[in-house]
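Data first, discussion second: the structure below is written as structure tokens.
Taken together, the values in this text are just the output of simple stated rules run on the coordinates, not laboratory data. Owing to the predicted nature of the structure, the values given are computational and were not obtained by experimental measurement. Backbone-built Cβ (ideal geometry, glycine too); neighbour counts: all protein chains shown.
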Amino acid sequence: MDSFVYGRAAEIGEALADGIATNTVFLAGGTELLNWLRLGIAKPARVIDLMQLKGLADIVRLPGGGLRIGTLARLNDVALNDDVVRDYPVLSEAILKSASAQLRNLATIGGNPLQKTRCGYFRAEETLPCNKRKPGSGCSALNGINDKHAIFGWSEACVATQPSDPATALAVLDAIYVTAHRDGGRRIKAVDLHTLPGDTPHIENTLRHGELIVGVELAAAARHSAYLKLRERESYEYAIVSAAVALDLEGDRISRTRIALGSVAHKPWRLAQAERLLVGISASDSAVIRKALDASFGDAKPLMHNAYKITLAKNAAERAIRLAARASS
Amino acid sequence: MELRSHLTVVLRVNGLVHQVPVDARTTLLDLLREHLELTGTKKGCNFGECGACTVHLNGRRVNGCLLLAASADGAEVTTIEGVAANGKLHPVQQAFIDHDAFQCGFCTPGQVMSAVALIREGHARSKVQIREWMSGNLCRCSSYSQIVSAVEAAATHAKED
């Protein structure tokens, strides 16, 4: 690990003022950053610790419905919060299926969506060709071991996926990432936080240098929601495919569907076409649901070793719809 | 903001206050092992994957390898050296012996720290729940079924107290 200087921000203005300096990173839970430092994925000169900032870990109800989760809220505290459990089961489930109990006591809701891909070439201890690690060096996964890689939205430059379970749940909930920056903050729709790789896979999200997620806002309750995570072992493992679903139901009939898939693309992947086709359909009409899902996979493109993920993702979405229809407390 | 490559961390470990000068890169795990010579906490993967470095930070279990020592300034830390009281093993330690819940023992300090916290959290209501909430602690000797039995027994013991 290269040497760096460390400081603790006492207030947010201080973090933003100093965070704008080149080669400076913010530190929250640290569960990703420390590994990037060890692997040389990040080589910052300055590390600004945010965890002393006051008031950024609270979970509060918004007037008029909805919830605001402070960026420094630890994942376990979000997943086990009574309002989250009752009103946003998809988020609670997604978090509890992430990482381990110890990691979730450190990791934060604002930091987790900014994790990097688990692509083995990207994380290799020996440097391998990877356009994320070293732009222009090539993509080892494109014609390599790519059974876990993307089926949507990839480019010749990068076939990596974004693995965050919470980010997938937040995408299905149409959450808003509220940010702060020395030059002014923004409200970023969850589906717009991450970018597709294109020719610049080293750019992973739309945050500007020095911009900080300060909170996550959730709109009206989504009690008919669920998260299904498929993986090689039942706990403490990344998804091969995950599916987040939120339904609005009138009786058995779907009045609105939202579906997001995780670990299939460089960002949480909403199935917009299926969402439109499912309006007015009975939640138990599996033939129609299947057909709608098929329509949303028209632009899926398998790599050499991951065609199975297309079948798996469709099945996961179908099952998650059934789980969401049954969910409610 | 004061930015430093070296700083002094003040923290309470197993009830004793320490002032430790460290390089900013030092993790809590390395502070415990290298500076305080508390080598009960193990360094397995050093990537947050194995759980051998599990300690309690302000009462909550965390991976010691994923936390800068600087970030633990002012914190209360409990390690495996601090769970026995008055020369008597903690009930979780005793249960691990009674259930033969280890072979080589390298992961055991992390397993015990995780189990102590898990019982306190109320996540020991069934074997299934214990397996899920202990999944952050790997055991390469694969003593899992004995570990789950030990945690279950210790949880029952804790309830009876």
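Kindly put A:THR257, B:THR39 in sequence by how many other C-beta atoms sit within 10 Å of each C-beta, fewest to most.
By the 10 Å Cβ count, ascending: B:THR39, A:THR257.
Give a quick list of GluC sites (Glu not before Pro) in the stretch B:19-115 that DSSP marks as loop, anything other than H, G, I, E or B, with at most 10 other Cβ atoms within 10 Å.
Here the sparse-neighbourhood loop sites are B:GLU37.
From the square roots a ≥ b ≥ c of the eigenvalues of the alpha-carbon gyration tensor of the stretch A:196-264, which class results: rounded (a/c under 1.5), prolate (a/b over b/c), or oblate?
Taking the square roots of the gyration eigenvalues as a ≥ b ≥ c, the stretch A:196-264 is oblate.
Would you mind pulling out the separation of the Cα centroids of the stretch A:76-139 and the stretch B:108-161, in Å?
The two parts, judged by their Cα centres, are 25 Å apart.
Please give the average number of partner chain Cβ atoms lying within 10 Å of the Cβ of each residue in A:240-253, rounded to a whole number.
Partner-chain Cβ atoms within 10 Å, mean over residues of A:240-253: 0.
Can you give the relative contact order of the stretch B:91-160 as a percent, counting alpha carbon pairs under 8 Å and 6+ residues apart?
With pairs under 8 Å counted, the relative contact order is 50 percent.
Would you work out the charge dipole size for chain B about its Cα centre, treating the Cβ of every Lys and Arg as +1 and the Cβ of every Asp and Glu as -1, and quote it to the nearest 20 debye?
So the dipole magnitude of chain B works out to roughly 220 debye.
Could you tell me whether chain A comes out rounded, prolate or oblate from its Cα gyration tensor? Rule is a ≥ b ≥ c as square roots of the eigenvalues, rounded for a/c under 1.5, then prolate if a/b exceeds b/c, otherwise oblate.
In terms of gyration-tensor shape, oblate.
Residue by residue through B:58-69, how many Cβ atoms from other chains fall within 10 Å of the Cβ on average?
Mean partner shielding for this stretch: 6.
Per residue of A:92-102, how many C-beta atoms from partner chains lie within 10 Å of its own C-beta, taken as a mean?
The shielding value for this peptide is 5.
Tell me the mean residue ellipticity at 222 nm calculated for the protein assembly as shown from its helices only (DSSP H runs of n ≥ 4, each -39500 (n - 2.57), averaged over every residue, nearest 500).
-7500 deg cm²/dmol
Please find the FRET efficiency linking A:ARG118 to B:ASN86, where r is the Cβ-Cβ separation and R0 is fixed at 60 Å, and quote it to the nearest 0.05.
0.85
How many nm separate the modelled label positions at A:LYS134 and A:LEU80, each set 7 Å beyond the Cα in the direction of the Cβ?
4.5 nm
Within 10 Å of each residue's Cβ, count the other Cβ atoms and sort A:GLU126, B:GLU121 from fewest upward.
Listed from fewest to most nearby Cβ atoms, that is A:GLU126, B:GLU121.
Arranged by the count of other C-beta atoms within 10 angstrom, fewest first, what order do A:LEU39, A:LEU33, A:LEU142 take?
Ordered from fewest to most neighbouring Cβ atoms within 10 Å, A:LEU39, A:LEU33, A:LEU142 come out as A:LEU39, A:LEU142, A:LEU33.
What residues from the stretch A:300-321 fall in the zone where the backbone N is under 17 Å from a label point 7 Å along the Cα-to-C-beta line of A:ASP285?
Residues passing the 17 Å test: A:318, A:321.
In whole percent, what relative contact order does chain B give with Cα contacts below 8 Å and a gap of six or more residues?
The value is 22 percent.
Show me the GluC sites (Glu not before Pro) within the stretch A:1-57 that DSSP assigns to loop and that have at most 13 other Cβ atoms within 10 Å of their Cβ.
When the GluC sites (Glu not before Pro) of the stretch A:1-57 are filtered for loop state and at most 13 Cβ neighbours within 10 Å, A:GLU11 remain.
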